[in-house]
1. So which residues in segment 53-101 are under 19 Å from Lys216 (Cβ atoms) and open to solvent by 80 Å² or more (accessible area, probe 1.4 Å)?
2. Inspect all residues belonging to segment 291-302 and state whether any of them is in contact (Cβ under 8 Å) with a residue 60 or more places away in the chain, assigned to a helix (DSSP H, G or I) and either within 11 Å of the ligand (Cβ to nearest atom) or open to solvent by less than 10 Å² (accessible area, probe 1.4 Å) (or both).
3. Taking Leu18, is it within 16 Å of the ligand (Cβ to nearest atom) and in contact with a helix residue (DSSP H, G or I) (Cβ under 9 Å, 6 or more places away or on another chain)?
4. Which residue is farthest from the ligand (Cβ to nearest atom), if the candidates are limited to segment 220-257 and must be closer than 21 Å to Thr333 by Cα, out of contact with any Gly (no Cβ under 6 Å at 6 or more places or on another chain) and assigned to a loop (DSSP other than H, G, I, E, B)?
5. Quick check on Ala280: is it surrounded by 13 or more Cβ atoms within 10 Å (Cβ to Cβ) and in contact with a Cys (Cβ under 6 Å, 6 or more places away or on another chain)?
6. Of Ala122, Ala155, Ala116, Ala134, which residue is farther than 22 Å from Thr98 by Cβ, crowded, with 17+ Cβ neighbours inside 10 Å and either modelled with pLDDT of 95 or more or out of contact with any strand residue (DSSP E or B) (no Cβ under 8 Å at 6 or more places or on another chain) (or both)?
7. Show the residue pairs meeting these rules: Cβ distance below 9 Å; 6+ apart or different chains; first residue within segment 7-18 and at negative phi; second residue within 11 Å of the ligand (Cβ to nearest atom) and open to solvent by 60 Å² or more (accessible area, probe 1.4 Å).
8. Take the conditions assigned by TED's automatic domain parsing to the domain that holds Asn311 and under 17 Å from the mean Cα position of the chain (by Cα) and apply them to Met228. Does it pass?
Amino acid sequence: MPLTAKGLEGVVAAETKLSFIDGEKGVLEYVGIPIGELAESSTFEETVFLLWNGRLPTPAELADFNEQIRDRYELPAGMEQRLLSLPRDAKPMHMIRTMVSALSMHDTNPDANDQAGLRRRALNILGHVPTLLAFFHRYRMGLPLVKPDRSLSIAANFLYMLNGRKPTDTMARAMDICLILHADHGLNNSTFSARCVMSTESDMYSAITAAIGSLKGPLHGGANEGVMVMLNEIPSVADCEKYIQNKLEKKAKIPGFGHRIYKSYDPRATHLQVLAKKLAQDTGNMPLYEKSKAIEEVMLREKAAKGIYPNVDFFSATTYHCIGLPLDLFTPTFVIARVGGWAGHVLEQMANNRLYRPDVDYTGPRDVRYTPATKR
Ligand code: ACO
């Protein structure tokens, strides 16, 4: 009788050199470097280089890597037309999943699965995703598209294309820190999806498309939007206790809390909380931040003993709101960051691939005879 690990809890399905997590102590490192040090001193582009190469770049390598990404800020010919033919009310996560898949048809060699070929495909997706998101947002709002500016970082250029004006250094850096903190996280569901698809020797676009489909779910990356919906539903700090108690009585899961791996504070949430507070002060959003803290207080009192703490999505909601992102771009913005991790895992998978094909415990009937339709 095979053992079933529901939700694959505790199953080790791959080896990785990308990120290390200690869920008891609340530790997250990318290639051995504590996430806090990267958030403090690195850039998203440098962090992606680290994840794809297993080491930090030299200044010349980073400059070259930046150039390669910026070469891809512009969409391939035909993609803009394709985007402008989409329904304006399409949900951005559906749009980005579809358009990343569509990118493969504008690539002359989408199935190049050697390491160099995969890296080129990964760069394409990394460079194009922010443009697709910003273009789609302006298109649905009836605003003129803002062409990418290759003098800007991924974070600053994304905000520029979205809003039509260059972000302040504070906002650009806040966006950059968010991208760093969201870039990779072990064998989470979307990363596993990407590795699983790639293990069939499919292609980078298919792997990332599958990962986006996974990230969209409210139990995964979609939770940051759920957090914002919850914050909007609660009128004031004074209402937080009642709102949360009500939900808990109904056995509802509170978005932004709980994690399969962390049984203590998610270190990403620690950093995002500091960022959220600073941005809330700067942008007049302290009531939102204070509601977050009031919810956290109730949840820690009620659930910390069970190992349920804020996860990455909890304070990222307030942070994204203060940066000025529309609610339904929260999860797509997570996509920009996680392309770094997903692609790194695909590269790692293909460096030592074996097809993922777990077993299943069959629990249905056996030895049943076929009944002809006339006798049913
Ligand atoms: N609120 C209230 N109770 C919770 C929460 C929560 N957010 N999360 C877990 N619990 C409780 C469950 O009800 C369950 O209680 P029980 O033992 O009395 O039945 C227990 O904790 C274990 O929960 P599971 O759902 O079995 O834990 P699992 O590891 O499968 O799920 C998950 C983890 C999906 C993240 C879960 O905590 C959850 O749904 N959280 C809310 C959604 C969320 O924030 N997702 C984002 C995660 S971070 C990311 O993916 C980027």
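The values are calculated or read from the model by the stated rules, or taken from the named source; none is laboratory data. If you're wondering where the values come from, they're calculated on a predicted model, not measured in any experiment. Ideal geometry is used to build each Cβ from the backbone, glycine not excepted, and the neighbour counts take in all protein chains shown. Only protein heavy atoms, including side chains, enter the accessible area calculation; ligands, DNA and RNA are left aside. Shrake-Rupley method; radii C 1.70, N 1.55, O 1.52, S 1.80 Å.
1. From segment 53-101, those under 19 Å from Lys216 (Cβ atoms) are 83, 86-87, 89-101; that's our starting set.
Hits for segment 53-101 are Asp89, Lys91.
2. yes
3. On the way: within 16 Å of the ligand (Cβ to nearest atom): yes; in contact with a helix residue (DSSP H, G or I) (Cβ under 9 Å, 6 or more places away or on another chain): yes.
Yes: the conditions hold for Leu18.
4. Gly222
5. yes
6. Result: Ala155 is the single residue among Ala122, Ala155, Ala116, Ala134 that is farther than 22 Å from Thr98 by Cβ, crowded, with 17+ Cβ neighbours inside 10 Å and either modelled with pLDDT of 95 or more or out of contact with any strand residue (DSSP E or B) (no Cβ under 8 Å at 6 or more places or on another chain) (or both).
7. Short answer, once both residue conditions are applied: Glu9/Arg260.
8. yes
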